[in-house]
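A.B. asks: Got a structure for you, written out below as structure tokens; questions coming shortly.
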Amino acid sequence: MNTLVLERRATAVIAGITVLTGASQMALPAALLPLLHVDPTPAACQLFATVGMFMVLFGCAVLHAQKRPEALPVVLLWAALQKFGASILVAWGVGHGVFAALALLVATFDFASGLLFIDLRRRGG
């Protein structure tokens, strides 16, 4: 199996994980926020669910674009930027005591995902 096929499959898996975790954030913010050491106030729950909605949208866009090769480079660029932005902001949140250090795993996963998306885009999807 060549690298391009592996990257496409990994991208699909990451997009699926993004959809599932985003949907979980939308459905269960009060249950998930304490795992990050965040008090599940109504405002925190609303913002966490809103972020989850955007995760669902970006994950679905990547999955959809894999079936439309002409759209894939554009979607991969924006999805990579979303992943990089999320990783930076989560790491910032950990550094400022907003999230538990456990959230750095999420930031690292998002950053690595962004690199994969950029590389797949560079290879032509």
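The values are calculated or read from the model by the stated rules, or taken from the named source; none is laboratory data. All values reported here derive from a predicted model rather than from experimental measurement. Note that each Cβ is placed from the backbone with ideal geometry, even for glycine, and that neighbours are counted across all protein chains shown. Accessible surface areas use protein heavy atoms only, side chains included; no ligands, DNA or RNA. Shrake-Rupley method; radii C 1.70, N 1.55, O 1.52, S 1.80 Å.
A.B. asks: Does any residue in the range 60-74 that is closer than 15 Å to residue 122 by Cα come within less than 8 Å, Cβ to Cβ, of a residue that is surrounded by fewer than 12 Cβ atoms within 10 Å (Cβ to Cβ) six or more places away or on a different chain, and which pairs are these?
C.D. replies: The qualifying pairs are 73/124.
A.B. asks: Something else now. Given the condition at pLDDT 95 or above, more than 16 Å from the chain's Cα centre (by Cα) and open to solvent by 80 Å² or more (accessible area, probe 1.4 Å), answer yes or no: does some residue in the range 74-84 qualify?
C.D. replies: yes
A.B. asks: Criterion first (crowded, with 18+ Cβ neighbours inside 10 Å, assigned to a helix (DSSP H, G or I) and modelled with pLDDT of 95 or more) does residue 10 satisfy it?
C.D. replies: no
A.B. asks: Which of the following residues is surrounded by 14 or more Cβ atoms within 10 Å (Cβ to Cβ), part of a helix (DSSP H, G or I) and touching a Cys at 6+ places or on another chain (Cβ under 7 Å): 62, 19, 51?
C.D. replies: Exactly one of 62, 19, 51 is surrounded by 14 or more Cβ atoms within 10 Å (Cβ to Cβ), part of a helix (DSSP H, G or I) and touching a Cys at 6+ places or on another chain (Cβ under 7 Å), namely 19.
A.B. asks: What are the residues in the range 75-89 that are closer than 13 Å to residue 122 by Cα and touching a residue at least 24 places away in the same chain (Cβ under 8 Å), if any?
C.D. replies: The answer is 76, 77, 80.
A.B. asks: Quick check on the range 103-113. Is at least one of its residues touching a residue at least 60 places away in the same chain (Cβ under 8 Å), of a type outside the set (A, V, I, L, M), in contact with a helix residue (DSSP H, G or I) (Cβ under 9 Å, 6 or more places away or on another chain) and open to solvent by less than 70 Å² (accessible area, probe 1.4 Å)?
C.D. replies: yes
A.B. asks: Restricting the range 68-125 to residues that are part of a helix (DSSP H, G or I) and among the basic types (Lys, Arg), which is farthest from residue 39 (Cα to Cα)?
C.D. replies: Here the residue is 122.
A.B. asks: Between a first residue in the range 36-51 that is farther than 17 Å from residue 106 by Cα and at pLDDT 95 or above and a second residue that is open to solvent by less than 100 Å² (accessible area, probe 1.4 Å) and among the aliphatic types (A, V, I, L, M), which pairs have beta carbons less than 7 Å apart while being 6 or more apart in sequence or on different chains?
C.D. replies: 40/30; 40/33; 44/33; 44/38; 45/30; 45/33
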